[in-house]
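Below is one structure; the comments refer to it alone.
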Amino acid sequence: MLDMLKSVFSNLSRKPVTRMYPFEERKPFDINRGHLENNIDECIFCGMCQRVCPSNCIKVDRKTSVWEYDPFECVLCGVCVEKCPKKCLKLDVHYRSCTDKKYNIHLEKHDDSEKAGA
Amino acid sequence: MSDKSTIPFGPQHPVLPEPIHLKLVVEDEKVVEAYPAFGFVHRGLETLAQKKDFNQMVYVVERVCGICSCMHGQDYCEAIEELMGIEVPVRAEYLRTIWAELHRIHSHLLWLGLFADAFGFENLFMQTWKIREKIMDILEATSGNRVIISVNIVGGVRKDINSEQAKWILKELDEVERQLKDINDVVMNNYTVKQRTVGIGVLTKEEAYELGATGPMAKGSGVDLDLRTTGYAAYKYLDFEPIVEKAGDSYARNLVRMREIFQSIDLIRQALGKIPDGEINVPVKGNPPAGEVISRLEQSRGEVVYYIKSNGTKFLDRLRIRTPTFANIPALLKILPGSQLQDVPVLILTIDPCISCTER
Amino acid sequence: MIVNSREVEIGNLKSEVKKYHDGGYRFVTETCLNLEDKFKIIYTFAIGYDLENIHIITDGKNVPSVSDIYSCALAVENEIKELFGIEFDGLAVDFGGNFMLGESSPISPQADIEIIRREKGGKNE
Ligand code: SF4
Ligand code: SF4
């Protein structure tokens, strides 16, 4: 009947196992797959990431040099990162913060390395 | 004579983690008939195989089940590898085994928590999930994700475990084992647990075999079937015995799962001790040749069967997944009639249902 | 395991399955495939760790159900019935199209060809 007593007592004298989340965050592990980022200056718009992505969430337009990405369809598998020939894609360890509106990440590159994002 | 009435059970029920709907015909408190209805989370993943190329499908099949996802990917990859005649490096086989066993531990712990919750033992539920968190941390630290770890690819694995991580995993496992021993006494001897499980939902050995039950459901009834003994992946290098209990009731299935957790810890220790150095994947060229292949492996819930028909292009002709829960549904329908209404959640959870597996 | 299945005439299906049943095999699964204008159903049995496969080619009508030999076949036969629209004769328990699909689901979603048109819902929609 009293098998649980041991853990009850050890839990009484211990700090809580859980964290007060928004105030105290756990440090993410080094290889955590948090969110995808593209260093658009390096991108050559080859479309490799679009072809390998299992969830079809990347759209690359070579003519207009546009790289578009839907973070809400991405399953964070990291295949695009592995296959990108320029290694300009990167999985950051931090998660995107939650939101109540869906949005697309739209990145463009203009000829003379002038950046634009919307 | 009392009247029969019909009680709808689920799909949303406080103690059921999964969307299964049961129509229970009850006579007073006794269930006399049970009719299931599924399909609430049918996602058509089998059909998706005809639209995605075979490399992308690895990530799709992982999403068949959120709990044994890594083993789905592994089984799929093994099937394609067999079709294409690819030899996976030995290190990759070991790594697959280690991740699969970690998944088995976390799946069984998750189940134990939910099971305890089903008969109202909140304390046990919290304790098991606390322990499970350590396993989730190991998965996250080694693969980058907590649940759907996406480590398998056709030809090997994508991530490696270095020696530092291996040491850390062993240390964490020691801690997990120590904490589990406390819980183990509770699961084995506690009055509440015994009252709610001993003699409930008895499935005899003959019935289990006849109904095609797999996994702990069959092992708890004394059917000695564990596909790991056929030596896929790295199991051929490891030393273990399938765990079988004779009684066939919910308690016996508890014991099978509890003992399997300890066995898995032992298997991971063995694997980390024996793992050779070397490549973790081989490059894959071309498409799978036309042909049909069946690949099976032992998941935490039992045997999963992948049937793949390829037509020589990069899209598969047909992918069919027979998941362990699907095989255990007839057994569930067998043990429900004759039970008491208050035992229904316990009986559903005793098969460790994974409804999203069942529906794919 | 590369599949090596043996074709069986529909008429002999039941006696073949009965042979497996009496030989101590356990039922693993049935798999339905779309052929051009036909269906192929593969029956998989296991003894110990070995698998055996037989298959039938059918146009989807009046396939004898094996659920009276292996009662566990009724789950998978109901699934095939709903997802592919195959008509089974003598299903032990017929869920009447409510096993996997709901009242407003598409009809036989996995089939390439259509054989039956289920009366939608039956009840007031
Ligand atoms: S694969 Fe890399 S370089 Fe190519 S389009 Fe994608 S992000 Fe750009
Ligand atoms: S991480 Fe995976 S799902 Fe996300 S964009 Fe890259 S390939 Fe697509």
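Screening A:N11 with (1) within 14 Å of chain B (Cβ to nearest Cβ); (2) touching an Asp or Glu at 6+ places or on another chain (Cβ under 7 Å); (3) open to solvent by 40 Å² or more (accessible area, probe 1.4 Å) gives one miss only, at (2).
Open to solvent by less than 30 Å² (accessible area, probe 1.4 Å) and in a helix (DSSP H, G or I): does that describe B:Y235? Yes, satisfied.
Highlighted here are the helices (runs of 4 or more DSSP H) found entirely within segment A:1-98 that include at least 2 residues which are away from ligand 2 (no atom under 13 Å from the Cβ): A:5-12. Comparison of B:K219, B:K171, B:K167 shows that the only residue that is open to solvent by less than 10 Å² (accessible area, probe 1.4 Å) and not aliphatic (A, V, I, L, M) is B:K219. In this structure, is C:G85 modelled with pLDDT under 80, of a type outside the set (S, T, N, Q) and crowded, with 20+ Cβ neighbours inside 10 Å? Here the answer is yes, as C:G85 does meet what is asked. Would you mind stating whether B:F121 is closer than 21 Å to B:M258 by Cβ, of a type in the set (F, W, Y), in contact with a Lys or Arg (Cβ under 9 Å, 6 or more places away or on another chain) and open to solvent by 10 Å² or more (accessible area, probe 1.4 Å)? Yes: the conditions hold for B:F121.
Scanning segment A:14-46 for residues that are near ligand 1 (Cβ under 8 Å from one of its atoms), open to solvent by 50 Å² or more (accessible area, probe 1.4 Å) and under 27 Å from B:L139 (Cα atoms) yields a total of 0. Is it the case that A:L36 is within 23 Å of B:A49 (Cα to Cα), of a type outside the set (D, E, K, R) and within 13 Å of another protein chain (Cβ to nearest Cβ)? The answer is no for A:L36. Residues in segment A:47-101 that are within 12 Å of ligand 1 (Cβ to nearest atom), open to solvent by 40 Å² or more (accessible area, probe 1.4 Å) and either within 11 Å of another protein chain (Cβ to nearest Cβ) or farther than 21 Å from B:V61 by Cα (or both): A:M48, A:R51, A:K59, A:D61, A:R62, A:E68, A:E82, A:K83, A:P85, A:K86, A:K87, A:K90.
Of the residues making up segment B:12-60, those that are among the charged types (D, E, K, R) and open to solvent by 20 Å² or more (accessible area, probe 1.4 Å) are B:E18, B:K23, B:E27, B:D28, B:E29, B:K30, B:E33, B:R43, B:K51, B:K52, B:D53. Restricting the first member to segment A:26-41 and to residues that are closer than 22 Å to A:E73 by Cα, and the second to residues that are of a type in the set (D, E, K, R), the beta-carbon pairs closer than 6 Å and six or more apart or on different chains are A:G34/A:D92; A:H35/A:D92; A:H35/A:R96; A:E37/A:K90; A:E37/A:D92; A:I40/A:K109. On inspection, B:K314 fails the criterion of being of a type outside the set (F, W, Y) and at the interface with chain C (Cβ under 10 Å from one of its Cβ atoms).
Looking only at residues that are within 22 Å of B:L95 (Cβ to Cβ) and touching a strand residue (DSSP E or B) at 6+ places or on another chain (Cβ under 7 Å) in segment B:280-301, which one is farthest from the other protein chains (Cβ to nearest Cβ)? Result: B:V282.
Rundown of residues vs (1) within 27 Å of B:G212 (Cβ to Cβ); (2) hydroxyl-bearing (S, T, Y), yes/no style:
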{"residue": "B:D277", "(1), (2)": "no, no"}
{"residue": "B:E292", "(1), (2)": "yes, no"}
{"residue": "B:R301", "(1), (2)": "yes, no"}
{"residue": "B:Y306", "(1), (2)": "yes, yes"}
{"residue": "B:K309", "(1), (2)": "yes, no"}
{"residue": "B:G312", "(1), (2)": "no, no"}
{"residue": "B:F315", "(1), (2)": "no, no"}
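Residue check: B:K130 meets all listed conditions (1) at the interface with chain A (Cβ under 10 Å from one of its Cβ atoms); (2) within 22 Å of A:H35 (Cα to Cα); (3) open to solvent by 20 Å² or more (accessible area, probe 1.4 Å) but one, namely (2).
The values are calculated or read from the model by the stated rules, or taken from the named source; none is laboratory data. Note that the structure is a prediction, hence the values are computed from the model and not measured. Ideal geometry is used to build each Cβ from the backbone, glycine not excepted, and the neighbour counts take in all protein chains shown. These accessible areas exclude ligands, DNA and RNA; they are computed on the full protein's heavy atoms, side chains included. Shrake-Rupley method; radii C 1.70, N 1.55, O 1.52, S 1.80 Å.
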